[in-house]
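> Supplied in structure tokens, the structure appears directly below.
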Amino acid sequence: MTVAPLSDRLFMILRELPEYFSTAYKLRFRNADSKLNTTIFVIFKRCVLLIYELISYRPTLENFQRNSVRLDLDFAALNETIKDNDKPICAYFVSSEDSNGAILGDPVYYYHHYKINNFQKQYAVAAKVVRSMLELFDSLKTLKERYPNREIKVVDIVSHGAPEILGIGRFGYPSEAVVSHGFKECAKDATIILDACSSGKGANSIAQKIAENNPGKTVLAPGAPLFFSKPIIKVQEQKATIEHLVHGFAIIDAYTAKKFHVDLTFIPKPSYRKIQFRVLASS
């Protein structure tokens, strides 16, 4: 496996915290009185309050539902901005299912916006909270129909996960259910990011299955539990590509996600295993 450069891995989470906190601050206090924004004392008090809220956060089902609605509203406004530029498109999907706050908790609500802000430097971002993989594929189809001359170069899927399943929908999306050319609406050389714990672990992971069924595209997925991932975007000759995905829990030297890719000439073998849907355990 090719490892990301040390400059992208070393103290990755610590280096990204200022940008994450800045994003969280703007979102947390976006409805505050603008006349007080230049008062240093007020800003200090708000920072202390935000830090306390992040540290003391306790996940609840009601909180997940509230943040799902907030993301729906935020993403609807975001999607209207795609037409304002001609950048290639990044489709960002968040699972509606959560059990421990790793997908829809308050700290991760801010994290979604932090990631989208980074993507927007090189891509026009279309985002959606999805309740099933069918809804995800339909969203890609609608996106391509709306912008037929724009390439969908990146797909980022944030969900719970395990080696053979993504936590999309109530029963998850197991590797046995992976369909051939499910990401056909995307560019031939698109990058598909699975922000899902251990979704690239093992010889028969769901990341491998998705790559085999979408020849020419690259799938990036962690081979271990995931915490705070960062796509490494490189720009050459005004063309942006996702070279690596680095992630925690490692504090000093971040992990590099595994990379899966098969040639366009690859023909996936049909699977005759019986599909068994099951409720996904927490990642």
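We did not get these values from a lab; they are worked out from the coordinates using the rules stated. Because the structure is predicted, anything quoted here is derived from the model rather than measured. Note that we place each Cβ from the backbone using ideal geometry, even for glycine, and neighbour counts take in every protein chain shown.
> Once amide H atoms are built 1.01 Å from N in the peptide plane, which residues 5 or more positions from H244, or in another chain, come under 5 Å H to H?
I232
> Kindly express, to the nearest 10 degrees and within the range 0 to 90, the angle between helix 12-28's C-alpha long axis and the longest C-alpha principal axis of the chain.
Value to nearest ten degrees: 60.
> Using a cut-off of 18 Å between alpha-carbon atoms, which aspartates and glutamates can reach K217, once sequence neighbours fewer than 8 places away in the same chain are excluded?
E151, D156, E185, D189, D195, E243, D263
> Provide the descending list of Cα extents for the stretch 19-100 along its principal axes, expressed in whole angstroms.
41, 35, 21
> Right, something else. Using θ = phi - 60° and the Karplus form 6.51 cos²θ - 1.76 cosθ + 1.60, what ³J(HN,Hα) does each residue of the stretch 122-128 get, whole Hz, x for Gly and Pro?
Once θ is set to phi - 60°, the couplings for the stretch 122-128 become 10, 9, 8, 9, 10, 10, 7 Hz.
> Taking only Cα atoms of the stretch 13-56, what ratio of Rg to Rh do you get with Rh as the Kirkwood inverse-distance radius?
In the stretch 13-56, Rg relative to Rh is 0.98.
> For a 32 Å ceiling on Cα separation, which of these pairs sit above it: K26/K209; K141/K209; K141/K230?
Those over the limit are K26/K209.
> Cut-off 10 angstrom, C-alpha nodes, Gaussian network model of the chain. Which of D195, D156, D72 fluctuates the most?
Greatest mean-square fluctuation among the candidates belongs to D72.
> Okay, moving on. What does the charge add up to near V262, with Lys and Arg as +1, Asp and Glu as -1, over the other residues with Cβ less than 10 Å from its Cβ?
-1
> A further question on this structure: For K217, what charge total do you get from the other residues with a beta carbon under 13 Å from its beta carbon, if Lys and Arg give +1 and Asp and Glu give -1?
Surrounding charge for K217 is 0.
> Something else now. Which whole-number percent is the relative contact order of the chain (Cα, under 8 Å, 6+ apart)?
Averaging sequence separation for qualifying contacts and normalising by length gives 19 percent for the chain.
> A follow-up question, please. Enter the angle in degrees (range 0 to 90, nearest 10) between the Cα long axis of helix 40-56 and the first principal axis of the Cα atoms of the chain, meaning the one along which they spread out most.
Between the helix axis and the principal axis of the chain, the angle is about 40 degrees.
> Now for a different question. For the Cα atoms of the chain, what angle does the longest principal axis make with the long axis of helix 61-79, in degrees from 0 to 90, nearest 10?
The angle comes out near 80 degrees.
> Label-point separation (nm) for I252 and F171, each offset 7 Å from Cα along Cα-to-Cβ?
4.6 nm
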